[in-house]
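> The structure is given below, and queries will be raised subsequently.
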Amino acid sequence: MAYKDLRDFIVCLEREGELKRIKARVDVDLEITEITNRVSKSGGPALLFERPCSARDGVDYAVPLLINTVGSPRRVELALEVESIEDCARRLEELLELKPPEGWLDKVRLLPKLAEMGSFLPRTVKDGAVKEVIERDGASLAVFPIMTCWPGDGGRFITWPMVITRSPKSGRRNVGCYRMQVFDERTTAMHWQIHKTGAEHFRWLQRQAEKEPFATARRMEVAVAIGADPLTMLSGVLPMPEDLDEFVFAGFLRRQPVELVRCETVNLEVPAHAEIVLEGYVDLDDMRTEGPFGDHTGYYSLEDKFPAFHITCITRRRDPIYVSTVVGPPPMEDYWMGYVVERLFLPLMRKQLPEVVDMHMPAEGVFHNLLIVAIRKSYPGHARKVMNAIWGLPGAMFSKVIVVVDDDVDVHNLREVAWKALNHIDPERDIQFTLGPVDQLEHASRLPNFGSKMGVDATRKWPSEGFTRPWPDEIVMDEKTKRKIDEVWRSLGF
Ligand SMILES: Cc1cc2nc3c(=O)[nH]c(=O)nc-3n(C[C@H](O)[C@H](O)[C@H](O)COP(=O)(O)O)c2cc1C
Ligand SMILES: [Mn+2]
């Protein structure tokens, strides 16, 4: 059985010794970050702050705060309900392997698979715990322990929301995790970056309004869910193809549909078992300055313009739990979220690039700065083809540096990668620059959102690539000698 909701997962974490309750009063301004940073960098547990407070506002919050929820490989496995994350990747690979049926026998065989898939689609239900309290006029964010993460931050930020929008063009739902800076009790920023789906929905409305100013609404409805079962929460982080509903994918991962309820004031649906839901809208005519914010690059993102989100209604549980996360100098909790993305996207990448054996985005590369990819090389220039293809993939397109290695390199072993890659390159010959869109958080590029990228072909070079000298063998001791030394090892006094 999949976790029904956040508290179901909390019970599991507690049973597994993966949760620490903090009963002392701790300030939401900076103090929770300082504690969480120390805990997450030492591989510690999820933290449930039972008495968050704010000295600045003179408040003791009645709502507890959960953080570092999936901040370790063990908790990622618990969230996914698997022994190893590779089990999930394999299930996904199987799904993608589905071939169109050829004969009737094939069709019959396919039916259970399709039925299984159908049973994962989100299901609309009448009621859910998120409707225990419904506040319209009285709705206020002030009751939630929303954190100021770092000293230079422009304010308090909701950091792990599931932001739900519907494409004004296709009507398809999208779920994205975009931070929200609190402006006042009923207004926040909506920090969907330029390349993200929420931003695309907003832009589409903008273009439509320019074309048909009188026939187009200038508002777009948005619902924000905070706190749910862990896979529903994580689905907002996954860079799904634009037309793929994240809640469908969450259903596949949970092996059980996500249950949704209709919102009160907007025409959207939200997870029925969420802790908190904010309903409202963004307005084409209300763009505001957002930031700065201590970001997952380990640097502050600068101020920029983003839409304001206006709250029309808050629905919540009677005793909600507020889920937060804090990003900053790596590694922090988001590294493990990125790790889920990395492992689940490998099968998707391999669908288009079957030569890819494995890939890795080390924590120090903060996702977009470094992607290491191992390939089974089959033709001259193959590494270049792979780099160029990756620069065309959603999500991975932002990779500032791509290092391509042969399939005998363990991409997760950074020492091995550095050793072999540095040995294998003739820099002028093997490094390639290109220009293109870069992550909005990139701070070194020549222009915001546009800059250069570097590909390193660190594979062995072939005669057909113009390398005609012999390529040296890697040094490996022979088995016979190893066995012999194994036998005498202890007698040598080791
Ligand atoms: C903790 C965390 C915070 C994030 N904050 C933002 C954000 O503020 N803005 C943004 O555009 N993406 C943010 N992201 C990344 C997006 O959630 C991610 O790119 C997601 O795939 C976007 O979904 P979409 O493709 O449906 O737009 C964040 C990711 C994590 C893990
Ligand atoms: Mn999406």
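> Tell me, please, whether a residue that is under 21 Å from Asp60 (Cα atoms), in contact with a strand residue (DSSP E or B) (Cβ under 9 Å, 6 or more places away or on another chain), at pLDDT 95 or above and more than 14 Å from ligand 1 (Cβ to nearest atom) can be found in the stretch 186-193. Step through it out loud before you land on a result.
Initial filter on the stretch 186-193 (under 21 Å from Asp60 (Cα atoms)): 186.
So of that shortlist, the ones also in contact with a strand residue (DSSP E or B) (Cβ under 9 Å, 6 or more places away or on another chain) come out as 186.
Next, from what is left, pick out any that are at pLDDT 95 or above: 186.
Cutting the leftovers down to more than 14 Å from ligand 1 (Cβ to nearest atom) gives us 186.
Yes, some residue in the stretch 186-193 is under 21 Å from Asp60 (Cα atoms), in contact with a strand residue (DSSP E or B) (Cβ under 9 Å, 6 or more places away or on another chain), at pLDDT 95 or above and more than 14 Å from ligand 1 (Cβ to nearest atom).
> If you don't mind, another one. Starting from the stretch 215-240, take each residue that is among the charged types (D, E, K, R) and list its partners that are assigned to a helix (DSSP H, G or I), counting only C-beta distances under 8 angstrom and pairs at least six apart or across chains.
Once the first residue is among the charged types (D, E, K, R) and sits in the stretch 215-240, its partners that are assigned to a helix (DSSP H, G or I) give Arg218/Leu205; Arg218/Ala209; Asp229/Leu6; Asp229/Asp8; Asp229/Phe9; Asp229/Arg254.
> Moving on. What about Leu110, is it surrounded by fewer than 19 Cβ atoms within 10 Å (Cβ to Cβ) and either assigned by TED's automatic domain parsing to the domain that holds Pro64 or not in a helix (DSSP H, G or I) (or both)?
The answer is yes for Leu110.
> One residue is enough: does the stretch 144-151 have a residue meeting the conditions surrounded by fewer than 24 Cβ atoms within 10 Å (Cβ to Cβ), farther than 15 Å from Met220 by Cα, within 9 Å of ligand 1 (Cβ to nearest atom) and modelled with pLDDT of 95 or more?
Within the stretch 144-151, not a single residue is surrounded by fewer than 24 Cβ atoms within 10 Å (Cβ to Cβ), farther than 15 Å from Met220 by Cα, within 9 Å of ligand 1 (Cβ to nearest atom) and modelled with pLDDT of 95 or more.
> Specify which of the listed residues (Val401, Val411, Val405) is at pLDDT 95 or above, surrounded by fewer than 18 Cβ atoms within 10 Å (Cβ to Cβ) and in contact with a strand residue (DSSP E or B) (Cβ under 8 Å, 6 or more places away or on another chain).
Val401
> Which of the helices (runs of 4 or more DSSP H) found entirely inside the stretch 1-107 contain at least 1 residues meeting this: under 24 Å from Arg156 (Cβ atoms) and at pLDDT 95 or above?
6-15, 31-41
> When you scan the stretch 329-350, how many residues do you find that are among the acidic types (Asp, Glu) and within 9 Å of ligand 1 (Cβ to nearest atom)?
Residues in the stretch 329-350 being among the acidic types (Asp, Glu) and within 9 Å of ligand 1 (Cβ to nearest atom): 2 in total.
> Which numbered condition in (1) of a type in the set (D, E, K, R); (2) in contact (Cβ under 8 Å) with a residue 40 or more places away in the chain; (3) away from ligand 1 (no atom under 14 Å from the Cβ) is the only one that Glu364 fails?
Glu364 satisfies all of (1) of a type in the set (D, E, K, R); (2) in contact (Cβ under 8 Å) with a residue 40 or more places away in the chain; (3) away from ligand 1 (no atom under 14 Å from the Cβ) except (2).
> Here's something else I'd like to know. Any chance you could count how many residues in the stretch 237-267 are under 25 Å from Glu135 (Cα atoms) and within 16 Å of ligand 2 (Cβ to nearest atom)?
Keep residues of the stretch 237-267 that are under 25 Å from Glu135 (Cα atoms), which gives 258-267.
Within this subset, residues satisfying the condition of being within 16 Å of ligand 2 (Cβ to nearest atom) are 258.
Qualifying residue count, the stretch 237-267: 1.
> Of the residues that sit in the stretch 194-203 and are in a loop (DSSP other than H, G, I, E, B) and either among the acidic types (Asp, Glu) or crowded, with 17+ Cβ neighbours inside 10 Å (or both), which one is farthest from the chain's Cα centre (by Cα)? Break it down into steps so the answer makes sense when it comes.
Keep residues of the stretch 194-203 that are in a loop (DSSP other than H, G, I, E, B), which gives 194-196.
Narrowing the set further to residues that are either among the acidic types (Asp, Glu) or crowded, with 17+ Cβ neighbours inside 10 Å (or both) leaves 195-196.
Numbers: His195: 14, Lys196: 12 Å.
Among them, the one singled out is His195.
> When both residues are 6+ apart or on different chains and their Cβ atoms are under 7 Å apart, which pairs have a first residue that lies in the stretch 327-350 and is charged (D, E, K, R), and a second that is at pLDDT below 95 and within 12 Å of ligand 1 (Cβ to nearest atom)?
Partner pairs satisfying both residue conditions: none exist.
The values are calculated or read from the model by the stated rules, or taken from the named source; none is laboratory data. These figures come from a predicted structure and were not determined experimentally. Neighbour counts are summed over all protein chains in view; Cβ atoms, including those assigned to glycine, are modelled from backbone coordinates with ideal geometry.
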